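The values are calculated or read from the model by the stated rules, or taken from the named source; none is laboratory data. Keep in mind that what you see is a predicted model, and the values were worked out from it rather than measured. Here Cβ is always computed from backbone atoms with ideal geometry, including for glycine, and neighbour counts include all displayed protein chains. Surface accessibility is based on the protein's heavy atoms, side chains included, excluding ligands, DNA and RNA. Shrake-Rupley method; radii C 1.70, N 1.55, O 1.52, S 1.80 Å.
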Amino acid sequence: MNLSQEDLKYIWHPCSQMKDYETLDPIIIKKGKGVWLYDLNDKKYLDIISSWWCNLFGHCNEKINSAIQNQLNALEHVIFANFSHEPAIRLCQELIKVLPKGLAKFNFSDNGSSSVECALKMSFQYHYQTGHPEKTDFMSLSDGYHGETIGALSVGGLDLYAKIYNPMLMRCKRIPAPDCYRCPYGKNRNCCNVECFVEAERAFQQYACKTCAIILEPLLQGSAGMRIYPAKYLAKLRVLCDTYNVLLIADEIATGFGRTGKMFACDHAEITPDIMCLSKGLTGGYMPMSITVTTQKIYDAFYDDYLKGKAFMHSHTYSGNPLGCSAALAVLQIFEDENILLKTKATADYITSTLTTAFIDHPNIGEIRHIGLIHAIELVKDKATKESFDSSMRVGYQIYKEALNLGLILRPLGDVIYFNPPLNITVEEIDIAVDLCQKAIHNGLKLTK
Ligand code: PLP
(Lines give C-alpha, C1' and ligand atoms only; values in the text may rest on other atoms or scores of the structure.)
Protein backbone atom coordinates (compact mmCIF):
# COMPACT_ATOMS: atom_id res chain seq x y z
CA MET A 1 0.00 0.00 0.00
CA ASN A 2 1.34 3.45 -0.91
CA LEU A 3 0.65 5.44 2.25
CA SER A 4 1.23 8.82 0.59
CA GLN A 5 -1.50 8.06 -1.93
CA GLU A 6 -3.79 6.74 0.79
CA ASP A 7 -3.11 9.92 2.79
CA LEU A 8 -4.17 12.12 -0.12
CA LYS A 9 -7.29 10.07 -0.62
CA TYR A 10 -8.53 11.07 2.85
CA ILE A 11 -6.62 13.84 4.51
CA TRP A 12 -7.02 17.60 4.17
CA HIS A 13 -3.74 18.88 5.57
CA PRO A 14 -3.54 22.06 7.65
CA CYS A 15 -2.53 25.35 6.10
CA SER A 16 -1.93 23.80 2.67
CA GLN A 17 -3.06 24.28 -0.89
CA MET A 18 -3.76 20.60 -1.44
CA LYS A 19 -2.92 20.93 -5.17
CA ASP A 20 0.71 21.51 -4.14
CA TYR A 21 0.75 17.86 -3.04
CA GLU A 22 0.57 16.86 -6.73
CA THR A 23 4.27 17.70 -6.95
CA LEU A 24 5.24 17.11 -3.31
CA ASP A 25 3.95 13.97 -1.65
CA PRO A 26 3.16 14.06 2.06
CA ILE A 27 6.13 12.60 3.89
CA ILE A 28 5.03 9.72 6.08
CA ILE A 29 7.00 9.76 9.31
CA LYS A 30 7.32 6.50 11.21
CA LYS A 31 9.49 7.52 14.15
CA GLY A 32 11.38 10.34 15.78
CA LYS A 33 14.36 10.68 18.08
CA GLY A 34 15.81 13.96 19.30
CA VAL A 35 15.92 16.47 16.44
CA TRP A 36 15.53 13.69 13.87
CA LEU A 37 12.41 12.36 12.13
CA TYR A 38 12.54 9.17 10.03
CA ASP A 39 10.30 8.39 7.04
CA LEU A 40 9.16 4.98 5.81
CA ASN A 41 12.35 4.53 3.78
CA ASP A 42 14.50 5.45 6.77
CA LYS A 43 15.42 8.77 5.23
CA LYS A 44 16.05 11.15 8.10
CA TYR A 45 15.03 14.78 8.44
CA LEU A 46 16.44 17.31 10.87
CA ASP A 47 13.45 19.05 12.47
CA ILE A 48 14.94 22.53 12.84
CA ILE A 49 11.46 24.06 13.28
CA SER A 50 10.51 21.88 16.26
CA SER A 51 7.43 20.59 14.43
CA TRP A 52 5.63 23.95 14.28
CA TRP A 53 7.60 25.36 17.24
CA CYS A 54 6.23 23.01 19.86
CA ASN A 55 8.83 20.29 20.34
CA LEU A 56 11.01 21.54 23.19
CA PHE A 57 13.39 18.71 24.10
CA GLY A 58 13.47 16.47 21.03
CA HIS A 59 11.14 13.79 19.75
CA CYS A 60 10.61 10.74 21.95
CA ASN A 61 12.31 12.33 24.92
CA GLU A 62 12.79 9.59 27.49
CA LYS A 63 11.77 11.68 30.51
CA ILE A 64 8.58 12.99 28.93
CA ASN A 65 7.72 9.57 27.48
CA SER A 66 8.04 7.95 30.85
CA ALA A 67 5.98 10.65 32.63
CA ILE A 68 3.12 10.12 30.18
CA GLN A 69 3.39 6.32 30.38
CA ASN A 70 3.21 6.41 34.18
CA GLN A 71 0.20 8.69 34.10
CA LEU A 72 -1.51 6.55 31.46
CA ASN A 73 -1.50 3.60 33.81
CA ALA A 74 -3.24 5.65 36.50
CA LEU A 75 -5.75 7.95 34.75
CA GLU A 76 -6.10 9.04 31.12
CA HIS A 77 -8.76 11.73 31.59
CA VAL A 78 -11.51 12.95 33.87
CA ILE A 79 -14.13 15.69 33.65
CA PHE A 80 -12.49 18.86 35.02
CA ALA A 81 -15.63 20.58 36.37
CA ASN A 82 -15.97 19.65 40.03
CA PHE A 83 -13.23 17.04 39.60
CA SER A 84 -9.50 17.49 39.66
CA HIS A 85 -6.31 15.47 39.89
CA GLU A 86 -2.83 15.72 41.29
CA PRO A 87 -0.94 16.35 38.02
CA ALA A 88 -3.02 19.50 37.31
CA ILE A 89 -2.61 20.82 40.85
CA ARG A 90 1.12 20.12 40.92
CA LEU A 91 1.52 21.71 37.48
CA CYS A 92 -0.02 24.98 38.74
CA GLN A 93 2.21 24.89 41.82
CA GLU A 94 5.28 24.48 39.61
CA LEU A 95 4.23 27.02 36.97
CA ILE A 96 3.66 29.71 39.62
CA LYS A 97 7.35 29.39 40.52
CA VAL A 98 8.48 30.31 37.00
CA LEU A 99 5.73 32.63 35.75
CA PRO A 100 5.93 36.42 36.10
CA LYS A 101 4.89 37.40 39.63
CA GLY A 102 1.17 37.99 40.14
CA LEU A 103 -0.16 35.37 37.73
CA ALA A 104 -2.17 33.10 39.98
CA LYS A 105 -5.18 31.42 38.35
CA PHE A 106 -5.11 28.79 35.61
CA ASN A 107 -7.85 28.05 33.06
CA PHE A 108 -7.08 24.97 30.94
CA SER A 109 -7.93 24.40 27.25
CA ASP A 110 -6.50 22.15 24.58
CA ASN A 111 -4.75 24.28 21.95
CA GLY A 112 -3.30 27.73 21.45
CA SER A 113 -6.25 29.28 19.63
CA SER A 114 -8.63 28.09 22.34
CA SER A 115 -6.53 29.73 25.01
CA VAL A 116 -6.69 32.99 23.04
CA GLU A 117 -10.48 32.70 22.75
CA CYS A 118 -10.59 32.16 26.49
CA ALA A 119 -8.44 35.26 27.12
CA LEU A 120 -10.63 37.44 24.87
CA LYS A 121 -13.87 36.33 26.52
CA MET A 122 -12.36 36.71 29.98
CA SER A 123 -11.27 40.30 29.22
CA PHE A 124 -14.67 41.27 27.86
CA GLN A 125 -16.54 39.77 30.80
CA TYR A 126 -14.10 41.23 33.34
CA HIS A 127 -14.91 44.76 32.21
CA TYR A 128 -18.61 44.01 31.95
CA GLN A 129 -18.60 42.87 35.56
CA THR A 130 -16.45 45.71 36.90
CA GLY A 131 -18.62 48.57 35.70
CA HIS A 132 -17.34 49.01 32.14
CA PRO A 133 -19.81 47.36 29.77
CA GLU A 134 -18.77 49.92 27.14
CA LYS A 135 -15.34 48.27 26.85
CA THR A 136 -16.25 45.73 24.19
CA ASP A 137 -13.49 46.03 21.56
CA PHE A 138 -9.94 44.78 21.23
CA MET A 139 -6.61 46.14 20.11
CA SER A 140 -3.67 44.22 18.71
CA LEU A 141 -0.53 44.73 16.66
CA SER A 142 -0.57 44.65 12.87
CA ASP A 143 0.86 41.44 11.43
CA GLY A 144 0.16 39.59 14.67
CA TYR A 145 -0.87 35.95 14.76
CA HIS A 146 -2.97 34.40 17.50
CA GLY A 147 -4.47 31.32 15.89
CA GLU A 148 -7.20 30.54 13.45
CA THR A 149 -10.49 30.31 15.29
CA ILE A 150 -12.80 33.28 14.71
CA GLY A 151 -11.86 35.30 17.79
CA ALA A 152 -8.16 34.61 17.31
CA LEU A 153 -8.37 35.56 13.62
CA SER A 154 -10.21 38.76 14.55
CA VAL A 155 -7.30 39.99 16.63
CA GLY A 156 -4.67 38.62 14.27
CA GLY A 157 -3.30 40.84 11.55
CA LEU A 158 -2.20 38.59 8.73
CA ASP A 159 -4.35 38.75 5.60
CA LEU A 160 -3.09 35.37 4.46
CA TYR A 161 -5.17 33.72 7.17
CA ALA A 162 -7.89 36.28 7.87
CA LYS A 163 -8.82 38.34 4.83
CA ILE A 164 -11.45 36.02 3.39
CA TYR A 165 -13.24 35.83 6.74
CA ASN A 166 -13.32 39.61 7.35
CA PRO A 167 -17.13 39.86 7.22
CA MET A 168 -17.31 37.33 10.07
CA LEU A 169 -14.74 38.93 12.38
CA MET A 170 -15.03 41.02 15.57
CA ARG A 171 -13.99 44.65 15.92
CA CYS A 172 -10.28 45.14 16.52
CA LYS A 173 -8.06 48.21 16.20
CA ARG A 174 -4.63 47.27 14.88
CA ILE A 175 -1.63 49.33 15.95
CA PRO A 176 1.23 49.34 13.42
CA ALA A 177 3.71 46.85 14.85
CA PRO A 178 7.38 47.69 15.35
CA ASP A 179 9.31 46.78 12.21
CA CYS A 180 12.94 46.88 13.19
CA TYR A 181 14.36 45.68 9.86
CA ARG A 182 12.49 48.23 7.79
CA CYS A 183 12.07 50.87 10.49
CA PRO A 184 9.83 53.71 9.24
CA TYR A 185 11.69 56.06 11.62
CA GLY A 186 15.03 55.33 9.95
CA LYS A 187 16.45 53.72 13.10
CA ASN A 188 18.13 50.36 13.55
CA ARG A 189 18.31 47.90 16.43
CA ASN A 190 21.33 49.66 17.97
CA CYS A 191 19.98 53.20 18.03
CA CYS A 192 16.26 52.50 18.54
CA ASN A 193 14.40 54.34 21.26
CA VAL A 194 11.05 52.75 20.37
CA GLU A 195 10.00 55.84 18.41
CA CYS A 196 7.21 53.70 16.91
CA PHE A 197 5.52 53.52 20.31
CA VAL A 198 3.86 56.83 19.47
CA GLU A 199 1.46 54.79 17.31
CA ALA A 200 0.33 52.86 20.40
CA GLU A 201 -0.09 56.09 22.37
CA ARG A 202 -2.23 57.56 19.60
CA ALA A 203 -4.40 54.47 19.37
CA PHE A 204 -4.95 54.37 23.14
CA GLN A 205 -5.92 58.04 23.27
CA GLN A 206 -8.55 57.41 20.64
CA TYR A 207 -9.82 53.89 21.31
CA ALA A 208 -8.94 52.82 24.86
CA CYS A 209 -12.29 54.03 26.23
CA LYS A 210 -14.06 51.24 24.37
CA THR A 211 -11.26 48.66 24.46
CA CYS A 212 -11.25 45.80 26.96
CA ALA A 213 -7.85 44.34 26.08
CA ILE A 214 -4.86 44.47 23.82
CA ILE A 215 -3.31 41.19 22.73
CA LEU A 216 0.17 40.77 21.33
CA GLU A 217 3.02 38.33 20.85
CA PRO A 218 5.65 39.68 23.24
CA LEU A 219 8.97 40.53 21.54
CA LEU A 220 8.58 38.08 18.66
CA GLN A 221 5.93 38.18 15.97
CA GLY A 222 6.44 34.61 14.84
CA SER A 223 4.13 34.07 11.89
CA ALA A 224 4.82 37.58 10.56
CA GLY A 225 8.33 36.31 9.71
CA MET A 226 10.01 36.04 13.11
CA ARG A 227 9.98 39.81 13.56
CA ILE A 228 11.79 40.77 16.74
CA TYR A 229 11.15 44.01 18.63
CA PRO A 230 12.61 45.55 21.79
CA ALA A 231 11.55 44.71 25.35
CA LYS A 232 11.18 48.43 26.00
CA TYR A 233 8.10 48.48 23.76
CA LEU A 234 6.44 45.93 26.00
CA ALA A 235 7.44 47.73 29.20
CA LYS A 236 5.93 50.97 27.89
CA LEU A 237 2.78 49.16 26.82
CA ARG A 238 2.33 47.79 30.34
CA VAL A 239 2.25 51.38 31.66
CA LEU A 240 -0.14 52.50 28.93
CA CYS A 241 -2.53 49.63 29.70
CA ASP A 242 -2.58 50.53 33.39
CA THR A 243 -3.20 54.20 32.60
CA TYR A 244 -6.19 53.43 30.38
CA ASN A 245 -7.62 50.38 32.20
CA VAL A 246 -7.01 48.10 29.23
CA LEU A 247 -5.99 44.51 29.97
CA LEU A 248 -2.71 43.31 28.54
CA ILE A 249 -2.89 39.79 27.06
CA ALA A 250 0.52 38.29 26.35
CA ASP A 251 0.23 35.51 23.80
CA GLU A 252 3.28 33.45 24.85
CA ILE A 253 2.13 30.41 22.90
CA ALA A 254 5.19 30.54 20.64
CA THR A 255 7.56 32.48 22.91
CA GLY A 256 7.02 30.72 26.23
CA PHE A 257 9.19 28.05 27.78
CA GLY A 258 12.67 29.26 26.95
CA ARG A 259 12.21 30.02 23.27
CA THR A 260 13.46 33.61 23.61
CA GLY A 261 16.28 32.78 26.00
CA LYS A 262 14.26 33.51 29.14
CA MET A 263 11.43 31.38 30.47
CA PHE A 264 8.89 33.84 29.05
CA ALA A 265 9.33 36.73 26.63
CA CYS A 266 7.62 39.02 29.20
CA ASP A 267 10.60 38.39 31.49
CA HIS A 268 12.83 40.43 29.15
CA ALA A 269 10.67 43.47 29.93
CA GLU A 270 10.16 42.47 33.58
CA ILE A 271 6.41 42.87 33.28
CA THR A 272 3.42 40.82 34.33
CA PRO A 273 0.58 40.75 31.82
CA ASP A 274 -3.01 40.58 33.05
CA ILE A 275 -3.54 37.41 31.06
CA MET A 276 -1.00 35.05 29.54
CA CYS A 277 -1.70 32.34 26.94
CA LEU A 278 0.47 29.23 27.06
CA SER A 279 0.59 26.20 24.78
CA LYS A 280 3.07 24.53 22.37
CA GLY A 281 6.20 24.07 24.55
CA LEU A 282 4.01 23.72 27.63
CA THR A 283 3.89 19.94 27.12
CA GLY A 284 7.20 19.77 25.26
CA GLY A 285 5.17 19.46 22.06
CA TYR A 286 3.65 16.16 23.15
CA MET A 287 0.02 16.74 24.03
CA PRO A 288 -2.55 19.29 22.85
CA MET A 289 -2.88 21.45 25.92
CA SER A 290 -3.03 25.17 26.68
CA ILE A 291 -3.54 27.35 29.70
CA THR A 292 -4.88 30.88 30.05
CA VAL A 293 -3.28 32.25 33.18
CA THR A 294 -4.51 35.36 34.96
CA THR A 295 -4.35 37.37 38.15
CA GLN A 296 -6.32 37.10 41.38
CA LYS A 297 -7.87 40.52 40.62
CA ILE A 298 -9.44 39.32 37.37
CA TYR A 299 -10.52 36.02 38.91
CA ASP A 300 -12.24 37.90 41.74
CA ALA A 301 -14.44 39.79 39.27
CA PHE A 302 -16.10 36.47 38.41
CA TYR A 303 -16.41 35.18 41.97
CA ASP A 304 -19.87 35.60 43.48
CA ASP A 305 -23.09 33.79 44.38
CA TYR A 306 -24.24 31.56 41.53
CA LEU A 307 -27.46 33.48 40.92
CA LYS A 308 -25.55 36.71 40.23
CA GLY A 309 -24.60 35.06 36.91
CA LYS A 310 -20.96 36.13 36.99
CA ALA A 311 -19.34 32.73 36.46
CA PHE A 312 -17.01 32.22 33.51
CA MET A 313 -19.11 29.71 31.56
CA HIS A 314 -16.28 28.50 29.40
CA SER A 315 -15.24 24.88 29.01
CA HIS A 316 -13.55 22.29 26.85
CA THR A 317 -14.03 18.53 27.14
CA TYR A 318 -10.31 17.93 27.46
CA SER A 319 -9.60 20.78 29.91
CA GLY A 320 -6.84 19.81 32.30
CA ASN A 321 -6.08 16.49 30.62
CA PRO A 322 -3.88 14.52 33.05
CA LEU A 323 -1.57 13.19 30.31
CA GLY A 324 -0.87 16.75 29.17
CA CYS A 325 -0.30 17.88 32.75
CA SER A 326 2.17 15.02 33.33
CA ALA A 327 4.08 15.92 30.18
CA ALA A 328 4.16 19.58 31.29
CA LEU A 329 5.45 18.61 34.73
CA ALA A 330 8.24 16.59 33.08
CA VAL A 331 9.10 19.62 30.93
CA LEU A 332 9.51 21.87 33.98
CA GLN A 333 11.60 19.19 35.68
CA ILE A 334 13.92 19.03 32.66
CA PHE A 335 14.35 22.82 32.72
CA GLU A 336 15.51 22.55 36.32
CA ASP A 337 17.54 19.32 36.23
CA GLU A 338 19.38 20.13 33.02
CA ASN A 339 19.87 23.84 33.61
CA ILE A 340 18.36 24.47 30.20
CA LEU A 341 18.16 28.27 30.22
CA LEU A 342 21.85 28.62 31.00
CA LYS A 343 22.82 26.11 28.32
CA THR A 344 20.66 27.69 25.62
CA LYS A 345 22.66 30.90 25.89
CA ALA A 346 25.80 29.15 24.64
CA THR A 347 23.80 27.28 21.99
CA ALA A 348 22.23 30.53 20.78
CA ASP A 349 25.66 32.18 20.47
CA TYR A 350 26.88 29.20 18.49
CA ILE A 351 23.94 29.36 16.05
CA THR A 352 24.42 33.12 15.63
CA SER A 353 28.11 32.84 14.82
CA THR A 354 27.70 29.85 12.51
CA LEU A 355 24.85 31.39 10.54
CA THR A 356 26.62 34.75 10.35
CA THR A 357 29.79 33.14 9.01
CA ALA A 358 27.79 31.16 6.47
CA PHE A 359 25.62 33.98 5.19
CA ILE A 360 27.11 37.39 5.98
CA ASP A 361 28.15 38.09 2.39
CA HIS A 362 25.18 36.51 0.66
CA PRO A 363 23.69 39.02 -1.79
CA ASN A 364 20.09 37.93 -1.07
CA ILE A 365 20.21 37.78 2.70
CA GLY A 366 19.01 41.06 4.07
CA GLU A 367 19.06 40.33 7.78
CA ILE A 368 19.84 37.53 10.20
CA ARG A 369 17.94 38.31 13.39
CA HIS A 370 17.72 36.27 16.52
CA ILE A 371 16.29 35.93 19.99
CA GLY A 372 17.10 32.90 22.10
CA LEU A 373 17.62 29.93 19.79
CA ILE A 374 15.26 31.38 17.21
CA HIS A 375 17.19 32.68 14.21
CA ALA A 376 15.53 34.14 11.14
CA ILE A 377 17.14 34.74 7.77
CA GLU A 378 15.26 37.23 5.63
CA LEU A 379 15.76 36.69 1.90
CA VAL A 380 15.47 39.79 -0.26
CA LYS A 381 15.75 40.57 -3.93
CA ASP A 382 17.94 43.58 -3.23
CA LYS A 383 20.04 43.81 -0.09
CA ALA A 384 20.65 47.56 -0.39
CA THR A 385 17.02 48.58 -0.80
CA LYS A 386 15.60 45.63 1.24
CA GLU A 387 13.18 45.02 -1.62
CA SER A 388 11.43 41.67 -1.25
CA PHE A 389 11.13 39.04 -3.95
CA ASP A 390 7.87 39.00 -5.85
CA SER A 391 5.67 36.73 -3.74
CA SER A 392 4.47 34.89 -6.87
CA MET A 393 8.00 33.46 -7.22
CA ARG A 394 7.45 31.49 -3.99
CA VAL A 395 11.17 31.67 -3.23
CA GLY A 396 10.72 30.35 0.31
CA TYR A 397 8.68 27.42 -0.94
CA GLN A 398 11.38 26.45 -3.48
CA ILE A 399 13.94 26.48 -0.69
CA TYR A 400 11.61 24.43 1.51
CA LYS A 401 11.36 21.73 -1.16
CA GLU A 402 15.13 21.71 -1.72
CA ALA A 403 15.72 21.43 2.02
CA LEU A 404 13.35 18.48 2.25
CA ASN A 405 15.30 16.70 -0.49
CA LEU A 406 18.43 17.26 1.55
CA GLY A 407 16.85 16.08 4.80
CA LEU A 408 16.14 19.38 6.57
CA ILE A 409 12.70 20.65 7.58
CA LEU A 410 12.85 24.43 7.12
CA ARG A 411 9.26 25.50 6.29
CA PRO A 412 9.82 29.23 5.68
CA LEU A 413 7.39 32.03 6.47
CA GLY A 414 7.14 33.68 3.05
CA ASP A 415 10.76 34.41 2.22
CA VAL A 416 11.95 34.20 5.80
CA ILE A 417 13.87 31.02 6.60
CA TYR A 418 14.23 30.27 10.27
CA PHE A 419 15.70 27.94 12.84
CA ASN A 420 13.56 27.32 15.92
CA PRO A 421 15.08 24.06 17.15
CA PRO A 422 14.54 22.00 20.29
CA LEU A 423 16.38 23.68 23.16
CA ASN A 424 18.72 20.71 23.59
CA ILE A 425 19.99 20.62 20.00
CA THR A 426 23.73 19.85 19.87
CA VAL A 427 26.54 21.77 18.20
CA GLU A 428 27.03 18.90 15.72
CA GLU A 429 23.36 19.02 14.76
CA ILE A 430 23.53 22.79 14.31
CA ASP A 431 26.50 22.34 11.96
CA ILE A 432 24.51 19.87 9.88
CA ALA A 433 21.49 22.19 9.78
CA VAL A 434 23.53 25.21 8.70
CA ASP A 435 25.29 23.21 5.99
CA LEU A 436 22.00 21.85 4.60
CA CYS A 437 20.35 25.25 4.89
CA GLN A 438 23.16 26.81 2.85
CA LYS A 439 22.75 24.19 0.14
CA ALA A 440 18.96 24.53 0.12
CA ILE A 441 19.12 28.32 -0.25
CA HIS A 442 21.68 28.00 -3.04
CA ASN A 443 19.62 25.39 -4.94
CA GLY A 444 16.30 27.10 -4.26
CA LEU A 445 17.45 30.53 -5.46
CA LYS A 446 18.96 28.97 -8.61
CA LEU A 447 15.56 27.50 -9.48
CA THR A 448 13.87 30.89 -9.25
CA LYS A 449 16.36 32.65 -11.56
N1 PLP B 1 -0.58 32.24 19.08
C2 PLP B 1 0.65 32.18 18.55
C3 PLP B 1 1.63 33.26 18.88
C4 PLP B 1 1.02 31.12 17.73
O5 PLP B 1 2.23 31.10 17.21
C6 PLP B 1 0.06 30.11 17.47
C7 PLP B 1 0.41 28.98 16.60
O8 PLP B 1 1.38 28.96 15.89
C9 PLP B 1 -1.21 30.21 18.04
C10 PLP B 1 -1.50 31.29 18.84
C11 PLP B 1 -2.27 29.18 17.77
O12 PLP B 1 -1.99 27.98 18.41
P13 PLP B 1 -2.71 26.63 17.88
O14 PLP B 1 -2.11 26.36 16.52
O15 PLP B 1 -2.33 25.61 18.90
O16 PLP B 1 -4.16 26.89 17.83
- Task: Quote the accessible area belonging to Arg394 in square angstrom, nearest 10, computed with a 1.4 Å probe and with ligands, DNA and RNA left uncounted.
- Result: 100
- Do the sum for the chain: with -39,500 (n - 2.57) for every DSSP H run of n ≥ 4, divided by all residues, what is the mean residue ellipticity at 222 nm, to the nearest 500 deg cm²/dmol? -11500 deg cm²/dmol
- Item | Viscosity 1.567 mPa s, temperature 4 °C, Stokes-Einstein D of region 1-109 from Kirkwood C-alpha radius, µm²/s | 73
- Probe 1.4 Å, accessible area per residue of the chain, Å²: 46
- To the nearest 20 debye, region 375-449 has a Cα-centred charge dipole, built from +1 on Lys and Arg Cβ and -1 on Asp and Glu Cβ, of 320
- Item | Dipole in debye (nearest 20) - the chain, about Cα centre, beta carbon charges: Lys, Arg +1; Asp, Glu -1 | 640
- Task: Would you mind checking which residues have amide H under 5 Å from Asp137's amide H? H placed 1.01 Å from N; only 5 or more apart, or other chain.
- Result: Thr211, Cys212
- Phi-based couplings in Hz for region 307-323 (Karplus 6.51, -1.76, 1.60; Gly and Pro marked x): 5, 6, x, 9, 4, 8, 8, 10, 8, 9, 3, 8, 3, x, 3, x, 5
- Message: Over the chain, with a Gaussian network built from C-alpha contacts below 10 Å, which listed residue (Asn245, Asn190, Asn111) shows the highest mean-square fluctuation?
- Response: Asn190
- Note on the structure: Percent of all Cα-Cα pairs per 10 Å bin for region 190-258, counting from 0 up to the last occupied bin, reads 19, 50, 29, 2
- Item | Cα-only Debye scattering, region 179-219: base-10 log of I(q)/I(0) at q = 0.19 Å⁻¹ | -0.69
- Filter the cross-link list Lys135/Lys308; Lys97/Lys345; Lys97/Lys135; Lys19/Lys43; Lys345/Lys449 down to pairs whose alpha-carbon distance in this structure exceeds 31 Å. Lys97/Lys135; Lys345/Lys449
- Query: Ordering Trp12, Trp52, Trp36 by how much accessible area each has at a 1.4 Å probe, largest first, what is the list?
  - Reply: Trp12, Trp52, Trp36
- Message: Computing the accessible area with a 1.4 Å probe over protein heavy atoms, can you report the carbon and sulfur percentage for the chain?
- Response: 54
- Message: Greater than 24 Å separation of Cα atoms is the criterion. Which listed pairs, Lys187/Lys280; Lys210/Lys297; Lys401/Lys446, meet it?
- Response: Lys187/Lys280
- Task: Sort Ser113, Ser66 from largest to smallest accessible area, using a 1.4 Å probe on the heavy atoms of the protein chains.
- Result: Ser66, Ser113
- Beta bridge orientation in region 115-246: antiparallel %, DSSP, nearest 5: 20
- Message: Quick check: the distance between the Cα centres of region 350-417 and region 119-165, to the nearest angstrom?
- Response: 31
- How big is region 316-371 in terms of Cα radius of gyration and Dmax, in angstroms? 18.5, 53
- Message: Give me the tail of P(r) for the chain as a percent: Cα-Cα pairs with distance above 33 Å.
- Response: 36
- Message: Rounded to the nearest 10 Å², what accessible area does Ser315 have for a 1.4 Å probe in the complete protein model?
- Response: 100
- Note on the structure: Here the percent of antiparallel bridges among DSSP beta bridges lying wholly in the chain, to the nearest 5, is 65
- Query: Once phi is turned into θ = phi - 60°, what whole-Hz ³J(HN,Hα) does the Karplus curve with 6.51, -1.76 and 1.60 give for every residue of region 215-222, x standing for Gly and Pro?
  - Reply: 10, 7, 8, x, 6, 9, 8, x
- Note on the structure: In the neighbourhood of Glu217 defined by beta carbon distances under 10 Å, the net charge of the other residues (Lys, Arg +1; Asp, Glu -1) is -2
- Item | Extent along principal axes [Cα atoms of region 302-429; Å; largest to smallest] | 66, 40, 28
- Let me know the volume per residue of the alpha-carbon convex hull for region 24-175, in Å³. 198
- Item | Area accessible to solvent at Arg411, 1.4 Å probe radius, in Å² | 70
- Per residue and in Å³, how big is the convex hull formed by the alpha-carbon atoms of region 212-320? 124
- Query: Counting only protein chains, not ligands or nucleic acids, how are Cys277, Cys92 ordered by accessible area (probe 1.4 Å), most first?
  - Reply: Cys92, Cys277
